[in-house]
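Presented below is the structure to which this report refers.
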Amino acid sequence: MDRLGEPESDVRRDKLRPARQLHEASRVPLYHQLFVILRSRIYGGGLSAGDLVPSEQELCQEFGVSRITAKRALNELADAGLVVRERGRGTRVVEQPPAPAVMASIEGWLENVSLMGIATQARVLEFGYLAASADIAAALEVGLGDEVQRAVRVRSLDGEPMSFLVTYVPSRVGREYEREDLETKPLLHLLEKAGVEVASARQTVSATLADAEVATALGIHAGAPLIEVRRVVRDTDDRPVEYIRVVYRPDLYRFEMSMRRVRAKDGAHWTTLPSSPIPAGDEEEKGPSGTPGRMTTGG
């Protein structure tokens, strides 16, 4: 019982948000999709420190999954240090959950895109077609002045703006989808639906400062430090199909890379460790890093 005399299970149900749909056709395992949703509830305040997390049976009823899937999702929460599972007492949120880890490597890109659609929400600010400037033409390898699609979006995690995205796509590809599609589907999915076979990407990560437009969209002050990611995506014919610039709030996003010291005939050097093929979190914005690594988004 809680302090108001109401059954704790009833209080817990009231705090839960409506179920988000799981995507059975996704390459992301159902248990991991469920883990992402529960993790978002914890970091978004839907489940507070000390709260009981829905039981395996309750998750089965809410999401229509098997008991094995529900149990594996709860175990993954425990492995991530977000909850404590006690036999006979249920699963509770820890007092100070760690920052959520999100894997982002070339092998996990498609999975991360699928999870982004589950864990975050996108809002399209601008959408249209314009003549490619010199830098856009160079990035997409099109002629100066050729028509390209430009879209500006803000992506939020549990209602908190975390990234500001500007994407450019060749007109021949962009004409295959509409503004409304970008509100509900990751851009990578729309490219694939348009017949594009994504094969590779190259990106850079750096730091920048928020201008007035970005500051307003992200709810921060102008001049605030941001993490900037620029990426060019190519198809199987090595043609650029997307140029994207994303800026992230550093309090909600950070980059980690695991490395190992290797000794060779020409001397010792550092090498990055391959990441798991199953991501631990959310985006299309967190795509390949060029070398295997790990992306993390802070709560």
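Matching residues to (1) closer than 22 Å to residue 225 by Cα; (2) in contact with a Ser or Thr (Cβ under 7 Å, 6 or more places away or on another chain); (3) assigned by TED's automatic domain parsing to the domain that holds residue 124:
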| site | (1), (2), (3) |
| --- | --- |
| 166 | yes, no, yes |
| 169 | no, no, yes |
| 174 | no, no, yes |
| 181 | no, no, yes |
| 188 | no, no, yes |
| 196 | no, no, yes |
| 199 | no, yes, yes |
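As a summary of the residue check, residue 142 satisfies the conditions (1) hydrophobic (A, V, I, L, M, F, W, C); (2) closer than 30 Å to residue 39 by Cβ; (3) surrounded by 13 or more Cβ atoms within 10 Å (Cβ to Cβ) except for the one numbered (2).
Looking at 169, 233, 196, 148 in this structure, which one is buried (at least 20 other Cβ atoms within 10 Å of the Cβ), assigned to a loop (DSSP other than H, G, I, E, B) and not charged (D, E, K, R)? From the options 169, 233, 196, 148, the qualifying one is 196. Any residue in segment 185-213 that's under 15 Å from residue 234 (Cβ atoms): show its pairings with residues that are surrounded by 15 or more Cβ atoms within 10 Å (Cβ to Cβ) and aromatic (Phe, Trp, Tyr) at Cβ separation under 6 Å, as long as the two are six or more apart or on different chains. Listed by first residue and then by second, the contacts come to nothing, as the list is empty. Evaluated against (1) part of a helix (DSSP H, G or I); (2) at pLDDT 90 or above; (3) over 16 Å from residue 242 (Cβ atoms), residue 139 falls short on exactly one condition, (3).
Within segment 46-64, the set of residues being of a type in the set (A, V, I, L, M, F, W, C) and touching a helix residue (DSSP H, G or I) at 6+ places or on another chain (Cβ under 7 Å) comprises 47, 52, 53, 59, 60, 63.
The values are calculated or read from the model by the stated rules, or taken from the named source; none is laboratory data. These figures come from a predicted structure and were not determined experimentally. FYI the Cβ positions are ideal-geometry reconstructions off the backbone, even for glycines, and counts take in every protein chain you see.
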